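Peer 1: Got a structure here, written out as structure tokens. Questions coming.
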Amino acid sequence: MKHLISKVAILAIILLLPSLGMGFPNLPLVDPPLKNKIGWNLKGNGLLYVSFDLDRNGRADYHTVHFVIKTYLTGEPLKQLPGFYKGAPVFYVNYGPANQIYVISKKALFYAFDVNEDGTWDLMYKDVNEDGVNGNETFYESPSNMFSVPSQYAENLN
Ligand SMILES: [Ca+2]
Ligand SMILES: [Ca+2]
Ligand SMILES: [Ca+2]
């Protein structure tokens, strides 16, 4: 009888586990071409966020965060932009006769998943080397707290 009770207890624990918060997902990072973006946003912290819709359902689910290397206002036509940015992407906002130019880092500093597409990021990875997705990215945080921090990463956060 005692044996049966412990079996039931173990089963109950197993059944309850999924409701105790999601485990750490193994979502593969990707580096989608900037031309596939569905939007972008310059943040007050000087970083430029680019949004993607990887599953093409019309809602953003993935974001890359880039440094703004240089920004300036110019009245020159966009096609005459200087070519000395070594292929760094250029974003702009048109203000009538002038354009505000934002030159951003070619590769992202952060990659972020918004798994449930509610606008709050669920899983962020940092790529300190900004060398694209190549396996050296590290878990940064789960802004929505959807995912618990895996113990093997927790000590790196201090
Ligand atoms: Ca989507
Ligand atoms: Ca979310
Ligand atoms: Ca990398």
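Peer 1: Which net charge results for the neighbourhood of residue 67, defined as the other residues with beta-carbon distances under 13 angstrom from its beta-carbon, given Lys and Arg at +1 and Asp and Glu at -1?
Peer 2: Computed value for this residue: +3.
Peer 1: Quote to one decimal, in nm, the extra length available between residue 38 and residue 69 on full extension: 0.36 nm per residue of separation minus the C-alpha distance between them.
Peer 2: 9.0 nm
Peer 1: With a cap of 16 neighbouring Cβ atoms within 10 Å, and only residues DSSP puts in a loop, list the GluC sites (Glu not before Pro) found in segment 63-147.
Peer 2: Sparse-neighbourhood loop GluC sites (Glu not before Pro): 117, 130.
Peer 1: For residue 117, what charge total do you get from the other residues with a beta carbon under 13 Å from its beta carbon, if Lys and Arg give +1 and Asp and Glu give -1?
Peer 2: Counting the neighbours of residue 117, the net charge comes to -4.
Peer 1: Accessible area per residue of segment 32-150 at 1.4 Å probe, in Å²?
Peer 2: For segment 32-150, the per-residue accessible area is 54 Å².
Peer 1: Normalised by the empirical 2.2 N^0.38 Å for globular proteins, what value does the Cα Rg of segment 32-150 take?
Peer 2: 1.15
The values are calculated or read from the model by the stated rules, or taken from the named source; none is laboratory data. In this text, all values refer to a predicted model and were calculated from it rather than measured experimentally. For neighbour counting, all protein chains shown are included, and Cβ atoms are generated from backbone atoms with ideal geometry for every residue, glycine included. Heavy atoms of the whole protein, side chains included, go into the accessibility calculation; ligands, DNA and RNA do not. Shrake-Rupley method; radii C 1.70, N 1.55, O 1.52, S 1.80 Å.
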